[in-house]
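The values are calculated or read from the model by the stated rules, or taken from the named source; none is laboratory data. Keep in mind that what you see is a predicted model, and the values were worked out from it rather than measured. With ideal geometry, Cβ positions are generated from the backbone for all residues, glycine too; neighbour counts draw on all protein chains shown.
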Amino acid sequence: MAATAAMNQTDGPRQLLVDLGERSYPIYIGEGLLDDPACFRPHIRGRQVMVVTNTTVAPLYLDAVKRGLTGFDVAEVVLPDGEEFKTLDTLNRVFDSLLQRHFDRRCTLVALGGGVVGDITGFAAASYQRGVDFIQVPTTLLSQVDSSVGGKTGVNHPMGKNMIGAFHQPRCVLADTRTLDTLPDRELSAGIAEVIKYGVINDPEFFEWLEVNMDGLLGRDPDALAFAIERSCADKAAIVAADEKEAGQRALLNLGHTFGHAIETGLGYGQWLHGEAIAAGMVMAARMSRFTGWLDEASEERIRALVARARLPVEPPASMAASRFLELMAVDKKVLDGQLRLVLLKRIGDAVVTADFDRQDLEQTLASWEQL
């Protein structure tokens, strides 16, 4: 499948296509999508719809989504909010609700919330009666630009983040930019971390745009946000189209994630937001790339400076020792045959997945913050 994302500009929402053959699906980006039946109806094949949301999002947007689902048999399950609830126990609450209401194999699940809700709902859809449809309705910037696109679903384990899950593509993604109006500033910055990632791994022009327009994003300029969401989704859609199940190129999307997931697991889920951990992880990956002799010092500083301007951490937590990082990174999903693979940078816009690095460079990277 060609590594392209088809774009269609109409009078309605912006549209992108994640090109996966028979599993292809659209991403709609715009205002006022939540209660628009025209966005939902073409992508629901049965009568039964289960909306999965959380205690924070439900009071804000559940009624609007239910209006958009007029004419279907709609039920809902409201989960607790937070990364610490991204567990098998919480997943079972979705299964309990589906079974109690006698939902069949033609049902559709709707994930209304951020990345945690999307990942849990997608995994429930992948597993319930061996697979049912679901729709992503992301309400945070991070989920709109990253976790809602690409079909990765799953839950955390005490020993590692996202270690239990499945690939299961949604029928569509509805990114209603109005939901960002209620997003706390900290959550907005966390989402910008994933936006920066796309520029760093393979889109240097977008990175330069972010350097110019960061204040507009933080100020919630609607045009800047719409452009950043569309560009991020297009970048991710192209990579997913080329490598749906992470056999190679898709692993580039994990820039900063090996370090970042170690931070999340080491501190305890929910202490740092996912985007905050990824931000620090990107800076760590940039520094290690410099220690390997690939990335020049000026480029490392540009990455660090942009992350800092987004009001995100540029250092790992002081409480995490290098030995703890190494212990947690050893159970990362990119470990193959006992070899840790990392996403490193040759330059801004040119990332590689490699196990061919000197262990001393990794240890020097981790030690460089311990010495501060």
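Evaluation of ARG41 against the conditions (1) assigned to a helix (DSSP H, G or I); (2) modelled with pLDDT under 95 shows that the sole unmet condition is (2). Out of curiosity, is GLU276 among the acidic types (Asp, Glu), touching a residue at least 12 places away in the same chain (Cβ under 8 Å) and part of a helix (DSSP H, G or I)? Judged against the criteria, GLU276 is a match.
Here ALA308 fulfils each of the conditions (1) without any contact (Cβ under 8 Å) to a residue 40 or more places away in the chain; (2) closer than 27 Å to LEU183 by Cβ; (3) not in a helix (DSSP H, G or I) apart from (3).
If you check GLY68 against the conditions, is it at positive phi and not acidic (Asp, Glu)? Taking the combined requirement at face value, the residue does not satisfy it. Which numbered condition in (1) more than 21 Å from GLY114 (Cβ to Cβ); (2) at pLDDT below 95 is the only one that ARG47 fails? The number of the failed condition is (2).
Can you find, within the range 345-365, the residue that is nearest to LEU210 (Cα to Cα) among those that are in a helix (DSSP H, G or I) and free of Cβ contacts under 8 Å to residues at least 60 places away in the same chain? Among them, the one singled out is GLU363.
Quick check: anything in the range 238-253 under 16 Å from ARG311 (Cα atoms) and either part of a strand (DSSP E or B) or hydrophobic (A, V, I, L, M, F, W, C) (or both)?
Among the residues of the range 238-253, not one is under 16 Å from ARG311 (Cα atoms) and either part of a strand (DSSP E or B) or hydrophobic (A, V, I, L, M, F, W, C) (or both), which makes the answer no.
Would you please name the residue that is modelled with the lowest pLDDT, looking only at residues in the range 322-338 that are of a type in the set (Asp, Glu) and more than 19 Å from the chain's Cα centre (by Cα)? That would be ASP337. Checking LEU344, LEU362 one by one, the residue that is buried (at least 16 other Cβ atoms within 10 Å of the Cβ) and in contact with a Ser or Thr (Cβ under 7 Å, 6 or more places away or on another chain) is LEU344 and no other.
Based on what the data block shows, is SER289 without any contact (Cβ under 8 Å) to a residue 12 or more places away in the chain, assigned by TED's automatic domain parsing to the domain that holds ARG250, of a type in the set (S, T, N, Q) and assigned to a helix (DSSP H, G or I)?
Working: without any contact (Cβ under 8 Å) to a residue 12 or more places away in the chain: no; assigned by TED's automatic domain parsing to the domain that holds ARG250: yes; of a type in the set (S, T, N, Q): yes; assigned to a helix (DSSP H, G or I): yes.
Taking the combined requirement at face value, the residue does not satisfy it.
Return the pair list, or none, for Cβ contacts closer than 9 Å from residues in the range 128-151 that are on the phi > 0 side of the Ramachandran plot to residues that are aromatic (Phe, Trp, Tyr), at least 6 apart or on different chains. Sorted first by the residue in the range 128-151, then by its partner, the pairs are GLN129/PHE103; GLY150/PHE167; GLY151/PHE167.
Taking the condition crowded, with 20+ Cβ neighbours inside 10 Å, more than 17 Å from ARG45 (Cα to Cα) and among the acidic types (Asp, Glu), does ASP185 pass? For ASP185, the condition - crowded, with 20+ Cβ neighbours inside 10 Å, more than 17 Å from ARG45 (Cα to Cα) and among the acidic types (Asp, Glu) - is not met.
For the range 83-101, does any single residue satisfy the condition of being in a loop (DSSP other than H, G, I, E, B), under 19 Å from GLY30 (Cα atoms) and over 17 Å from the mean Cα position of the chain (by Cα)? The answer is no; no qualifying residue exists. Within this structure, SER319 fails the test of being in a helix (DSSP H, G or I) and either modelled with pLDDT of 90 or more or within 15 Å of GLY281 (Cα to Cα) (or both). Within the range 65-86, if we keep just the residues that are surrounded by fewer than 19 Cβ atoms within 10 Å (Cβ to Cβ) and either among the small types (Gly, Ala, Ser) or touching a residue at least 60 places away in the same chain (Cβ under 8 Å) (or both), the residue that is nearest to GLY268 (Cα to Cα) turns out to be GLU84.
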